[in-house]
Amino acid sequence: MMEKLTVSVIGCGNMGSAIVRGMTGDGRGEKYHILLFDKEIDKTSAFDGSANVEKVGLLDAVRKADILIIAVKPQDSGRLFKDISGENITGAIVSVMAGVSTGRIIEMLGKNVPVVRAMPNMAAFVGESVTCISRNELVGNMDDVKDIFTGIGEIVEVKEDLMDAVTALSGSGPAYLFYLADAMVEAGIEVGLHRDVAIKLTGQTLYGSSALMRQHTAAPGDLIKTVVSKGGTTEAALSVFDENKVKDIIKYAIKKAKERSEELAKG
């Protein structure tokens with residue numbers, strides 16, 4: 001029988017819980033012995049009775065882990081790492097904390113340890129995240145870490161100096177689409193559709209278009225051309241976007257998000 005990988009998850013809020021669900025779904029839980037800790041005990045209650053999942057104290061979570069996933073809020077990281085800094089950490093630390101660099105983690109711990117940074121997005125809740133990961137030089141084989149995150153979607157490995165860009169594009173990205181969806185729903189209502197119908201049409205249109213983009217080899221700009229006909233309705237709408245420089249606004253917004261991520265990383 002294959003020995004189970006002991007994965008400790010510290011912080012069982014939205015993202016931490018999504019990662020645990022990804023590890024336990026579709027029979028994947030047989031691979032893992034999952035240890036959970038959260039200072040707010042009720043946050044672990046969703047996994048009561050789950051096979052291969054155990055609630056433990058903070059220090060047990062650290063001491064027993066082959067992989068230690070840190071999913072607390074960035075502002076809580078200083079206290080956490082102070083509390084565990086005296087422990088012998090033998091497994092890799094996997095941080096899903098936005099804006100907390102590998103160097104900062106090592107500084108707070110006071111020791112050089114293997115660190116992986118991971119940036120999922122909220123699509124993890126439905127198993128459709130894209131998670132970007134980076135690692136320091138002490139991390140060897142990444143197969144186990146990647147396998148954990150395939151439970152919530154797809155994986156892209158990048159260098160750490162690109163993590164602020166990742167945060168701005170895909171980490172915050174769902175909110176950009178929700179913003180667009182909100183405008184589309186409001187527009188649908190204004191042109192006469194019932195709210196429920198407008199929401200259904202908008203959601204399915206974004207879902208289907210995303211699926212098409214994932215399966216198509218063409219760039220998004222080329223896909224636009226497949227929808228637009230000369231003098232048609234789509235061209236009329238896109239001309240308004242171009243006249244108002246919507247693409248430039250979106251690019252500027254993402255650059256501002258990247259700058260803010262950089263500021264947060266500096267503390």
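Things worth noting here:
- Only listed residue being open to solvent by 60 Å² or more (accessible area, probe 1.4 Å), farther than 30 Å from Asp161 by Cβ and either touching a helix residue (DSSP H, G or I) at 6+ places or on another chain (Cβ under 9 Å) or not in a helix (DSSP H, G or I) (or both), chosen from Leu238, Leu193, Leu223: Leu193
- Selection of the range 61-114 for residues being open to solvent by less than 40 Å² (accessible area, probe 1.4 Å), in a loop (DSSP other than H, G, I, E, B), under 28 Å from Ala165 (Cα atoms) and touching a Gly at 6+ places or on another chain (Cβ under 8 Å) yields Ala71, Val72, Val96, Pro114.
- Residues located in the range 39-57, provided they are of a type outside the set (D, E, K, R), surrounded by 14 or more Cβ atoms within 10 Å (Cβ to Cβ) and within 23 Å of Glu3 (Cα to Cα): Phe47, Ser50, Asn52, Val53, Val56
- Candidate set from the range 150-190 (those that are open to solvent by 80 Å² or more (accessible area, probe 1.4 Å) and in contact with a strand residue (DSSP E or B) (Cβ under 8 Å, 6 or more places away or on another chain)); member that is nearest to Arg214 (Cα to Cα): Glu154
- Residue that is farthest from Val130 (Cα to Cα), among those in the range 211-220 that are among the hydrophobic types (A, V, I, L, M, F, W, C) and open to solvent by 70 Å² or more (accessible area, probe 1.4 Å): Leu212
- Of all residues in the range 104-117, those that are in contact (Cβ under 8 Å) with a residue 40 or more places away in the chain and under 22 Å from Ile152 (Cβ atoms) total 1.
The values are calculated or read from the model by the stated rules, or taken from the named source; none is laboratory data. Just so you know, these numbers come straight off a predicted model, no measurement behind them. Backbone-built Cβ (ideal geometry, glycine too); neighbour counts: all protein chains shown. Each accessible area value is taken on the protein alone, full model and side chains, heavy atoms only, with ligands, DNA and RNA left out. Shrake-Rupley method; radii C 1.70, N 1.55, O 1.52, S 1.80 Å.
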